[in-house]
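Undergrad: Got a structure for you, questions after.
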Amino acid sequence: MLSNQTIQVSIEDLRSITKIDLCVMDIQGTVAASTMEEIEIPMELVLEFAESVADSQVINGYYLFKVTEEEEIVYLVLARGNEDAYMVGKIAVSQLRQLMTAYKEKLDRESFLQNLILDNLLLIDIYNRAKKLHIPAEGKRAVFLIETASGDEEGIMELLRGLFIPYNGDYLTAVEERNIILIKSLASGENYQSLKDIAYMIVDMVNAEAMVNVKVSYGTVIDELKDVSKSYKESKMALEVGRIFYEERDVIAYHALGIGRLIYQLPENLCRIFIEEVFGSEKIPDEIDEEILFTVQKFFENNLNISETSRKLFVHRNTLVYRIEKIQKATGLDMRNFGDALTFNIALMITNYLRYLESMVP
């Protein structure tokens, strides 16, 4: 069913062009939209017309019309004015029918895309329904997942609709709260750098226009419509892995998750065994405080270079060495050794993963 606001805008446009007043009612006589200040016709006559077999009728200077869909009466249109009222009334009926058809196609497409994303369709159904909805079955695409914590998904969806339109092969939908899904069609020359640029553009635009912070993830590039669910699952995993291991990132790509994706897929008991082997218990030793963890993170970022790290942290070289040696005393791992540094970094990531699992337990 069309919204009353959509109908009101439509008949107001006709009124401004033709100077003919219009009113649209449902079959119970409830006004959905109107440009008339009052309706000077007994309502019982309108309802009698609704039950009659006539498609149109003139009553007390009003032209009455029926708007049908699949042989069922959906709306009644009343037109009042000069001799052109009949023609304008017929135009209003035609326009409402077109709006209903477009709305129905939109719902059909929305339903198709949602079932496609959730992998609820047989292969033959995908191709048949895509053909009816004029959606190409082949072509490069990628699925983006836009997560917002604001709860204003509808406002952000409207903002994105102005940028990504079905005419260009781009489709927006949603299958769960706080997440918006973009199925993006790609040109032949676009690659993963293009996807990254699109993701950052979405983040910047939503932040600037809607004043909302969002996180955007995306899956791998696919060549066929049937693989949309695959790219969606990848983007969903990327968002989840990013939440655990890369909280500071606004854009997360499935193909660039690195070791975080591997850890995410490990069994919990295996993770706990590894942590116990590294730290001697199921948690980071108390001697390794937040300051030391921050220091070692910067050490990793500067490729285990003591001089560069001390310069970036504005600390003396000996202070940095002292903190590194403190880790060695607590764990037996020397951060100046690549193998030990890699083991410690993986242990920190697994610790974050276990904390995440614990937070998910009700």
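Undergrad: Taking 0.36 nm per residue of separation and subtracting the Cα-Cα distance, what length does fully extending ARG178 through LEU313 add? Intermediate values should be presented prior to the final figure.
TA: Values: separation 135, 0.36 × 135 = 48.60 nm, distance 3.78 nm.
Gain in length upon complete extension: 44.8 nm.
Undergrad: Another question, then. Label point 7 Å out from GLU268 along Cα-to-Cβ: which residues of segment 341-360 have amide N under 11 Å?
TA: Under cut-off, by backbone N: 354-360.
Undergrad: A follow-up question, please. Between their Cα atoms, which of LYS236/LYS326; LYS106/LYS226; LYS104/LYS215; LYS131/LYS236 are more than 30 Å away from each other? Please list the in-between numbers first.
TA: Details: LYS236/LYS326 39 Å; LYS106/LYS226 20 Å; LYS104/LYS215 32 Å; LYS131/LYS236 27 Å.
Pairs exceeding the cut-off: LYS236/LYS326; LYS104/LYS215.
Undergrad: Can you compute the label reach from TYR167? Point 7 Å from Cα along the Cβ direction, backbone N cut-off under 18 Å, restricted to segment 82-103.
TA: Inside the label zone: 99, 102-103.
Undergrad: Roughly speaking, what is the stretch gain from VAL9 to LYS329, that is 0.36 nm per residue apart minus the C-alpha to C-alpha distance, in nm to one decimal?
TA: Numbers: separation 320, 0.36 × 320 = 115.20 nm, distance 7.35 nm.
So the chain would gain 107.8 nm between VAL9 and LYS329.
Undergrad: Rounding to the nearest 20 debye, state how big the charge dipole of segment 50-172 is about its Cα centre with +1 on each Lys and Arg Cβ and -1 on each Asp and Glu Cβ.
TA: Values: 13 positive and 20 negative charges, 83 e Å.
In debye, rounded to 20, segment 50-172 gives about 400.
Undergrad: Which order do the peptides 81-94, 279-292 come out in when sorted by mean C-beta neighbours inside 10 angstrom, highest first? Intermediate results must be reported in sequence, preceding the final value.
TA: Values: 81-94: 17.0, 279-292: 13.2.
Listed from highest to lowest mean packing, they are 81-94, 279-292.
Undergrad: Sticking with this structure for a sec: For THR68 and TYR127, what is the calculated FRET efficiency with R₀ set at 35 Å and r taken between the beta-carbons, to the nearest 0.05?
TA: Numbers: r = 32 Å, r/R0 = 0.91.
My answer for the efficiency is 0.65.
Undergrad: Could I ask something else about it? Using only the alpha-carbon atoms of the chain as identical scatterers, what base-10 log of I(q)/I(0) does the Debye formula give at q = 0.11, 0.12 Å⁻¹?
TA: Those come out to -0.90, -0.99, one per q.
Undergrad: Of all accessible surface on segment 229-270 at a 1.4 Å probe, what whole percent is carbon and sulfur?
TA: Ligands and nucleic acids excluded, carbon and sulfur give 53 percent.
Undergrad: Assigning unit charges at the beta carbon (Lys, Arg +1; Asp, Glu -1) and nothing else, what dipole magnitude in debye, to the nearest 20, does the chain show about its Cα centre? Display every interim value, and only then the final one.
TA: Details: 37 positive and 58 negative charges, 329 e Å.
Taking the Cα centre of the chain as origin, the dipole is about 1580 debye.
Undergrad: Which one of CYS23, MET43, SER3 is farthest out on the positive end of the charge dipole of segment 1-51, using unit charges on Cβ (Lys, Arg +1; Asp, Glu -1) and the Cα centre as origin?
TA: Of the options given, the answer is SER3.
Undergrad: Go ahead and collect, in residue order, the members of segment 324-354 whose backbone nitrogen is under 14 Å from a label point 7 Å along the Cα-Cβ direction of GLU287.
TA: 324-335
Undergrad: Mind computing the radius of gyration and Dmax over the alpha-carbon atoms of segment 290-339? Å is fine for both.
TA: My reading of the Cα-based Rg and Dmax gives 9.8, 27 Å.
Undergrad: Binning at 5 angstrom from zero up to the longest distance, how are the C-alpha pair distances of segment 242-362 distributed in percent?
TA: Histogram of Cα-Cα distances, whole percents per bin: 2, 10, 20, 21, 20, 15, 8, 3, 0, 0.
Undergrad: Can you list the HN-Hα couplings for segment 36-45, worked out from phi with the Karplus curve (6.51, -1.76, 1.60; θ = phi - 60°), rounded to whole Hz and with x for Gly and Pro?
TA: Each residue's phi maps through the Karplus curve to give 8, 5, 8, 10, 9, 8, x, 5, 5, 5 Hz.
Undergrad: Now a separate question. For TYR103 and ARG249, what does the FRET efficiency come to when R0 = 35 Å and r is the distance between their Cβ atoms, rounded to the nearest 0.05? Write out the running numbers ahead of the final one.
TA: On the way: r = 39 Å, r/R0 = 1.10.
Efficiency at R0 = 35 Å is approximately 0.35.
Undergrad: Once you have the Cα-Cα distance between SER94 and ILE259, take 0.36 nm times their residue separation minus that, and quote the gain in nm to one decimal. It would help to have the intermediate numbers written out before the result.
TA: Values: separation 165, 0.36 × 165 = 59.40 nm, distance 5.87 nm.
Gain on stretching SER94 to ILE259: 53.5 nm.
Undergrad: Here's something else I'd like to know. If you line up the long axis of helix 228-245 against the longest principal axis of the chain, both from Cα atoms, how many degrees apart are they, to the nearest 10?
TA: Here the helix axis deviates by roughly 50 degrees.
Undergrad: Which one of TYR127, VAL143, MET157 has its Cα pushed farthest toward the positive end of the charge dipole of segment 118-172, where Lys and Arg give +1 and Asp and Glu give -1 at the Cβ?
TA: About the Cα centre, the residue reaching furthest to the positive side is TYR127.
Undergrad: Leaving out ligands, DNA and RNA, what percent of the accessible area of segment 45-202 is carbon and sulfur, probe 1.4 Å? Could the numbers behind the result be given before it?
TA: On the way: 4280 of 8550 Å².
Its accessible area is 50 percent carbon and sulfur atoms.
Undergrad: Determine one quarter of the surface area of the Cα convex hull of segment 254-295, which equals its mean projected area, and express it in nm² to one decimal. If you can, show how the numbers build up before the last one.
TA: Values: hull surface 16.1 nm².
Quarter of the Cα hull surface area: 4.0 nm².
Undergrad: Here is a further query. Using a 7 Å offset from the Cα along the Cα-to-Cβ direction at both ILE306 and ILE346, what is the distance between the two label points in nm, to one decimal?
TA: 2.6
Undergrad: Let me ask another. Counting Lys and Arg as +1 and Asp and Glu as -1, each charge on the Cβ, what is the dipole of segment 302-362 about the Cα centre in debye, to the nearest 20?
TA: Numbers: 8 positive and 5 negative charges, 53 e Å.
So the dipole magnitude of segment 302-362 works out to roughly 260 debye.
Undergrad: Need one number for segment 182-311: average projected area of the convex hull over its C-alpha atoms, nm². Write down the numbers at each step before the final one.
TA: Details: hull surface 47.2 nm².
Averaging across all directions leaves 11.8 nm² for the Cα convex hull.
Undergrad: Where the accessible area of segment 307-360 is counted over protein heavy atoms with a 1.4 Å probe, how much of it, in %, is carbon and sulfur? Can you show the working numbers first?
TA: Numbers: 1580 of 3060 Å².
With neighbouring chains kept in place, the figure for segment 307-360 is 52 percent.
Undergrad: Using alpha carbons only, how many angstrom separate the centre of segment 310-362 from the centre of segment 1-31?
TA: If you average the Cα positions of each part, the centres end up 67 Å apart.
Undergrad: Give me the Kirkwood hydrodynamic radius of segment 59-190 in Å, from all C-alpha pairs, to one decimal place? Can you show the working numbers first?
TA: Working: mean 1/r = 0.0559 Å⁻¹.
About 17.9 Å for segment 59-190.
Undergrad: When ligands, DNA and RNA are left out and all protein chains stay put, how many square angstrom of accessible area per residue does segment 272-362 have with a 1.4 Å probe? Can you show the working numbers first?
TA: On the way: 5460 Å² over 91 residues.
On a per-residue basis, 60 Å².
Undergrad: Output the relative contact order of the chain, whole-number percent, from Cα pairs under 8 angstrom with separation of 6+ residues. Each step should come with its number before you reach the end.
TA: Working: 491 pairs, mean separation 37.5, N = 362.
The value is 10 percent.
Undergrad: Which Cα, out of MET349, MET237, ILE198, lies furthest along the positive dipole direction of the chain (beta carbon charges, K/R +1, D/E -1)?
TA: Working it through, the farthest residue towards the positive pole turns out to be MET349.
The values are calculated or read from the model by the stated rules, or taken from the named source; none is laboratory data. Fair warning: this is a prediction, and the values are worked out from it, not measured in the lab. Cβ atoms come from the backbone with ideal geometry, glycine included; neighbour counts cover every protein chain shown. The protein model used for the area step is the full one, side chains on, heavy atoms only, and it has no ligands, DNA or RNA in it. Shrake-Rupley method; radii C 1.70, N 1.55, O 1.52, S 1.80 Å.
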